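A quick write-up on the structure given underneath.
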2 protein chains.
Amino acid sequence: MPTYQAQIYVTLRPSVLDPAGTAVQSGLSHMGYDNVSQVRIGKYVEVTLAAAGDAQARQQLDQICDQLLANPVIENYRFDLQEQATSPAVAGAGLAG
Amino acid sequence: MPTYQAQIYVTLRPSVLDPAGTAVQSGLSHMGYDNVSQVRIGKYVEVTLAAAGDAQARQQLDQICDQLLANPVIENYRFDLQEQATSPAVAGAGLAG
C-alpha cells in the first residue's frame, strides 16, 4: 500500500477573533516591528499515512480533520498531499565509478 | 510601501520528540485510523506586514521568526511570501453594462 505525506493547515475562520495572534502582533510592535499589521495563528500538522490511493487518502484526511484536528465551527482546514517514494530502487544510481 | 502576506511554518526539528503528535496519532489509532504512521505538530502563522521590498520583508521575517515565533534550538521555520494587491484599481472592470 503506498505511503502518503500530508501537510494540514488549520486556520481560524476569518470572522473569529484570534487573541493569540493579537498578542503576538502586540509583542512584535513592542519589539519595534510596528509595520506588522496582522498576525493570525493556526496549526500545522504533518501526517504520514498508508492508503490504497490518492482519493482514499484525501477522504481519510477529510474525516481526520473534521473529527479530530479542526473544530469546524470556528476553523477551516486545507491540506497538501504527496505520495512518498516507496523503495530505494535507484539508490545505487549516481555513484561515481 | 507595499504590503506583503507571509505564511510561516514552524516545525520541530526531526531529532526532537513530539509528544503532542504521538498523542494525536494514538487518538487516531483508537478511532480506527491505524494506517496513520506518524503525526508531527507545528505552528502556522499568517503575518501581514509593510516593507519597502521583497528582500526587506524576508529579512524582517527571518528576524521575527528567530526572535519570537520559533525556538531555534528545537524548531525549524520556513515561510512563503507574496506581495498583496495594493489598490483596487480595476474594481470597476467586468461590470456588465
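The values are calculated or read from the model by the stated rules, or taken from the named source; none is laboratory data. Remember, predicted model here, so these are calculated numbers, not experimental data. Every residue, glycine among them, receives a Cβ derived from its backbone with ideal geometry; neighbour counts consider all protein chains shown. In case anyone asks, the SASA skips ligands and DNA or RNA and just uses the protein heavy atoms, side chains included. Shrake-Rupley method; radii C 1.70, N 1.55, O 1.52, S 1.80 Å.
Some points to look at:
- When all protein chains stay in place and ligands, DNA and RNA are ignored, the 1.4 Å accessible-area order of B:Ile8, B:Ile74, largest first, is B:Ile74, B:Ile8.
- Between 0 and 90°, nearest 10: helix B:19-30 axis offset from chain B longest Cα axis: 70
- Using a cutoff of 8 angstrom between alpha carbon atoms and counting only pairs six or more residues apart, the relative contact order for chain B works out to 47 percent.
- FRET efficiency for the pair B:Ser26 and B:Gln63, taken as 1/(1 + (r/R0)^6) with r the Cβ-Cβ distance and R0 = 25 Å, rounds to 0.10.
- Relative to the longest principal axis of the Cα atoms of chain B, the long axis of helix B:54-64 lies at roughly 40 degrees.
- Zone of B:Ile74's modelled label, taken as backbone nitrogen in the range B:2-25 under 11 Å from a point 7 Å along Cα→Cβ: B:12-13, B:16-20
- Dipole magnitude for chain A: about 80 debye, using +1 per Lys or Arg Cβ and -1 per Asp or Glu Cβ, origin at the Cα centre.
- Beta carbon of chain B nearest to the axis of the rotation taking B to A, residue and angstrom distance: B:Tyr44, 2
- Protein heavy-atom accessible surface, 1.4 Å probe, per residue over the protein assembly as shown: 57 Å².
- Cα-centred dipole magnitude for the protein assembly as shown, charges only on beta-carbon of K, R (+1) and D, E (-1), debye, nearest 20: 100
- Here is how far apart the B:Thr48 label points are across copies: 3.8 nm, shortest first, using a point 7 Å from Cα toward Cβ.
- For A:Asp54, the accessible area of its heavy atoms, probed at 1.4 Å with every protein chain present, is near 70 square angstrom.
- Just the protein heavy atoms count here, and of the accessible area of the protein assembly as shown at 1.4 Å, carbon and sulfur take up 54 percent.
- Pairwise burial A:B, computed as accessible area of each alone minus the pair, summed, 1.4 Å, Å²: 2700
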